[in-house]
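**Student:** Sharing a structure, written as C-alpha cells. Questions coming.
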Amino acid sequence: MNETPLLKVDDLVKHFSLRSGSLFEKAKRVRAVDGVSFHLDEGETLGLVGESGSGKSTVARLILRLISHTSGSVDFRGENLFDLPLAEFKKFRREMQMIFQDSMSSLNPRYTAGEIVGEPLKIYEGRSPKAEREEKVRDLLEQVGLDGSYATRFPHEFSGGQRQRLGIARAIAVNPKLIVADEPVSALDVSVQSQVLNLLQDLKESYGLSYLFIAHDLAVVKHMSQRVAVMYLGRIVETAPSREIYENPAHPYTQMLIQAIPKANVDFAARKEDRGAVIGDIPSPINPPPGCPFHKRCKYKMAICEQEYPEYRRLGPGHVAACHLL
Ligand code: SF4
C-alpha cells in the first residue's frame, strides 16, 4: 500500500497586508490562514468545513497556487508544489482541478459550453485532432447529465445546476486525481444540490477521484466525506472520521455547527432552538482574539482560553481537537 498521501498540507500560512487610506497608518495584517495542516489519501474525500471567513477558500487557492503562500508547504504525491518552477508545476496542475461555487463567474460567458469543456483538453492535449476533441466534449457533457447537443450553447442559456455540471465536466476533462470543490452546491436550490452531490459521488467511483470538499455546512459534507476537518478563523480546530464528527464532536465550535444542522421532521420549537445554536459571528482575521480564537463565542470559556492557544489533543484514531477542555 502506498503510504504517501496524495495531498499533504503542512503548517500552511497566508497573511495579507491591508493598506489603510492614510499615509501615517500602518498597513494591517490579515491572518487568513494561520498554520493549517492536513492530509488527503488517494480515493478519499475530506470535508473542510467552517463558516464564511474561516479561510477555507484561501486554503483551496493556495493548494492550486492561484495565490502565493506566506509559509508552509503543500505536497502532492510527495512533491512540494511550492518548490517547483512554473513549468514543472503545470504537469501536476493537470492532475489537480477545481470546481468553483459561482458557476456564472467561473465560466467565460463568451465561450460556448463546448469551448469551455474543451479548453483544458486543448491546453493539456493540444495535438489531438479537433473532431476527436469535439467528440470527447460531447461525451463529457453526457457523463455529467447534459445533452451532447448543448455544446453550442452559452453559459447564460443554462440553469444554475446545469452550469455547475458544466464546471464539473471541465474539471474531469483531463482525468485529474484530485478535485478541490469549493462550495460546489451552496449556490444551488436544495432540490438540485442532492443531484449534483450524487453526480460528484458517481464520478468519484468512475474516475478514481479524491476530493477536498469545502463547505460551510456540515450537513452537505456528511454523506460525501470519509473524514472532516473543521476550520475556524484560519486554523483547523478538529479533525475526525466523518461518523465521529457527527456522533461525538469534541470541540465546542464543531458542536455548535452540528446543532445548527436543520433536522427534518422536528417541531417548530426545536427548529427555533437550532437557529439559536449559532452564537455570534466569526471575528475579523485582521485582529484575531488572543488565546483560543473561539473564546468570545464559547459557552465553556475558562480563564486560560483568553490567554493560551490550545494544543491539539488526540482523542481517538484520526481524531484530534484543539480545546483546553479536552
Ligand atoms: Fe471554548 Fe476554551 Fe475550548 Fe476555546 S479552548 S473552545 S474557549 S473551552
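**Student:** Could you list, in sequence order, the residues of segment 234-255 that are touching a Ser or Thr at 6+ places or on another chain (Cβ under 9 Å), more than 14 Å from R313 (Cβ to Cβ) and surrounded by 24 or more Cβ atoms within 10 Å (Cβ to Cβ)?
**Tutor:** G234, I245
**Student:** Going through segment 274-295 one residue at a time, which ones are without any contact (Cβ under 8 Å) to a residue 40 or more places away in the chain, within 13 Å of the ligand (Cβ to nearest atom) and farther than 16 Å from I236 by Cβ?
**Tutor:** I279, G280, P289, P290, G291, H295
**Student:** A follow-up question, please. Restricting attention to segment 84-110, which residues are more than 26 Å from L197 (Cα to Cα) and part of a loop (DSSP other than H, G, I, E, B)?
**Tutor:** Of everything in segment 84-110, those that are more than 26 Å from L197 (Cα to Cα) and part of a loop (DSSP other than H, G, I, E, B) turn out to be L84, P85, R110.
**Student:** Taking R77 as the residue in question, decide whether it is surrounded by fewer than 18 Cβ atoms within 10 Å (Cβ to Cβ), in contact with a helix residue (DSSP H, G or I) (Cβ under 8 Å, 6 or more places away or on another chain) and of a type outside the set (A, V, I, L, M, F, W, C).
**Tutor:** Working: surrounded by fewer than 18 Cβ atoms within 10 Å (Cβ to Cβ): yes; in contact with a helix residue (DSSP H, G or I) (Cβ under 8 Å, 6 or more places away or on another chain): yes; of a type outside the set (A, V, I, L, M, F, W, C): yes.
Considered against the rule, which asks whether it is surrounded by fewer than 18 Cβ atoms within 10 Å (Cβ to Cβ), in contact with a helix residue (DSSP H, G or I) (Cβ under 8 Å, 6 or more places away or on another chain) and of a type outside the set (A, V, I, L, M, F, W, C), R77 comes out as yes.
**Student:** How many residues, within segment 138-158, are in contact (Cβ under 8 Å) with a residue 24 or more places away in the chain and either outside any helix (DSSP H, G or I) or within 17 Å of R110 (Cβ to Cβ) (or both)?
**Tutor:** 11
**Student:** Looking for something buried (at least 19 other Cβ atoms within 10 Å of the Cβ) and either at pLDDT below 95 or farther than 29 Å from D217 by Cβ (or both) - is there at least one such residue anywhere in segment 35-46?
**Tutor:** No, that holds for no residue.
**Student:** Test of understanding: among V185, V230, V174, which residue is touching a residue at least 60 places away in the same chain (Cβ under 8 Å) and buried (at least 24 other Cβ atoms within 10 Å of the Cβ)? I'd like the intermediate steps shown before the answer.
**Tutor:** On the way: V185 fails: touching a residue at least 60 places away in the same chain (Cβ under 8 Å); V174 fails: buried (at least 24 other Cβ atoms within 10 Å of the Cβ).
From the options V185, V230, V174, the qualifying one is V230.
**Student:** Can you tell me which of (1) at pLDDT 95 or above; (2) within 13 Å of the ligand (Cβ to nearest atom) is the one A229 doesn't meet?
**Tutor:** Result: A229 passes all but (2).
**Student:** Being of a type outside the set (F, W, Y), in a helix (DSSP H, G or I), without any contact (Cβ under 8 Å) to a residue 40 or more places away in the chain and within 23 Å of R153 (Cα to Cα): is that true of E115 here?
**Tutor:** Working: of a type outside the set (F, W, Y): yes; in a helix (DSSP H, G or I): yes; without any contact (Cβ under 8 Å) to a residue 40 or more places away in the chain: yes; within 23 Å of R153 (Cα to Cα): yes.
Answer is yes for this residue.
Matching residues to (1) free of Cβ contacts under 8 Å to residues at least 60 places away in the same chain; (2) closer than 25 Å to E205 by Cα; (3) of a type in the set (F, W, Y):
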{"position": "R31", "(1), (2), (3)": "no, no, no"}
{"position": "D34", "(1), (2), (3)": "no, no, no"}
{"position": "L40", "(1), (2), (3)": "no, yes, no"}
{"position": "G53", "(1), (2), (3)": "no, no, no"}
{"position": "L64", "(1), (2), (3)": "no, yes, no"}
{"position": "D83", "(1), (2), (3)": "yes, no, no"}
{"position": "Q97", "(1), (2), (3)": "no, yes, no"}
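**Student:** Taking the residues in segment 296-305 that are within 19 Å of G234 (Cβ to Cβ) and within 6 Å of the ligand (Cβ to nearest atom) as candidates, determine which candidate is surrounded by the fewest Cβ atoms within 10 Å (Cβ to Cβ).
**Tutor:** Taking segment 296-305 as the starting set, the residues that turn out to be within 19 Å of G234 (Cβ to Cβ) are 296-298, 305.
Filter once more, so that each one left must be within 6 Å of the ligand (Cβ to nearest atom): 298, 305.
Values: C298: 21, C305: 23.
Looking at the filtered set, the residue picked out is C298.
**Student:** Now, a different point. Taking the condition assigned to a loop (DSSP other than H, G, I, E, B) and over 13 Å from the mean Cα position of the chain (by Cα), does P249 pass?
**Tutor:** On the way: assigned to a loop (DSSP other than H, G, I, E, B): yes; over 13 Å from the mean Cα position of the chain (by Cα): yes.
So P249 passes the test.
**Student:** Could you list, ordered by first residue, the pairs with Cβ atoms under 9 Å in which the first is in segment 296-315 and farther than 21 Å from I282 by Cβ and the second is more than 8 Å from the ligand (Cβ to nearest atom) and in a loop (DSSP other than H, G, I, E, B), at least 6 apart or interchain?
**Tutor:** Pairs found: R313/A250; L315/N248; L315/A250.
The values are calculated or read from the model by the stated rules, or taken from the named source; none is laboratory data. Since the structure is predicted, the reported quantities are computational estimates derived from the model, not experimental observations. For neighbour counting, all protein chains shown are included, and Cβ atoms are generated from backbone atoms with ideal geometry for every residue, glycine included.
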